Amino acid sequence: MEKLLLFGINDSDYCLIERIASRLQMPCERISPLYYHCRLEDIVSGKYKTLPASDTKISPMLTSKRLLVMCHLSDKRMDKLLFELRHAQISLDYKAVLTPSNSSWTIPKLLLEMHTEKEAYANNGAKPLS
C-alpha cells in the first residue's frame, strides 16, 4: 500500500504536503522523533506505535533534517508527487524510497547514509540527486 512518511516537517509544511497527498489519494503520516529509533519497516506497517521509546540520543543535526520517505509508489505516482511538491515550492532536505535494503534501517541510519552520499557528491563536484 502506498504511503508517505514525513520526518522533521513543521506544521505549515505538513498541511501543504498533506493536502497534496490527499489530492493524489496517498496516505501520509508525520513521525515523531520519539520513533526515529524504529526500523522503517515497522514504521510503515504501524508496528512502531507499540514499541517503547528509545533512550538513545539522536544527533540534532539529524533530527533537524526534513525527510520524505515514499513507500510502494510506482514511478509514475512518484513523479507526479515530486512534481506537485516542486510546484508548491516545498523544500525537503532529503527524499528517499523504501527499498528492501533500507527497510531494516532506523531514521538516523537512513539520514546518515543520505548525508554521506550527499557529501560524497559534493566533494566529487557532482550535483546531488536530492
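Quickly run through the range 100-109 and pick out the residues that are modelled with pLDDT under 95, out of contact with any Lys or Arg (no Cβ under 7 Å at 6 or more places or on another chain) and open to solvent by less than 60 Å² (accessible area, probe 1.4 Å). If the condition is that a residue be modelled with pLDDT under 95, out of contact with any Lys or Arg (no Cβ under 7 Å at 6 or more places or on another chain) and open to solvent by less than 60 Å² (accessible area, probe 1.4 Å), then I107, P108 are the ones that fit. Does the range 84-99 include one or more residues that are open to solvent by 80 Å² or more (accessible area, probe 1.4 Å) and under 21 Å from Q25 (Cβ atoms)? For the range 84-99, residues open to solvent by 80 Å² or more (accessible area, probe 1.4 Å) and under 21 Å from Q25 (Cβ atoms): present.
Listed residues L67, L112; which is modelled with pLDDT of 95 or more and surrounded by 15 or more Cβ atoms within 10 Å (Cβ to Cβ)? Only one candidate passes the filter, namely L67.
Residues are listed down the side, and each one gets a yes or a no for (1) surrounded by 12 or more Cβ atoms within 10 Å (Cβ to Cβ); (2) within 12 Å of the chain's Cα centre (by Cα); (3) within 21 Å of H115 (Cα to Cα); (4) modelled with pLDDT of 95 or more:
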residue	(1), (2), (3), (4)
N10	no, no, yes, no
E18	yes, no, no, yes
R23	no, no, no, yes
H37	yes, no, yes, no
A53	yes, no, no, no
K57	no, no, yes, no
S74	no, no, no, yes
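Considering only residues in the range 25-35 that are hydrophobic (A, V, I, L, M, F, W, C) and open to solvent by less than 70 Å² (accessible area, probe 1.4 Å), the one that is nearest to L73 (Cα to Cα) turns out to be M26.
The values are calculated or read from the model by the stated rules, or taken from the named source; none is laboratory data. Not measured: the values here are computed from a predicted model. Because the Cβ atoms are built from the backbone with ideal geometry, glycine has one as well, and the counts that use them run over all protein chains shown. Only protein heavy atoms, including side chains, enter the accessible area calculation; ligands, DNA and RNA are left aside. Shrake-Rupley method; radii C 1.70, N 1.55, O 1.52, S 1.80 Å.
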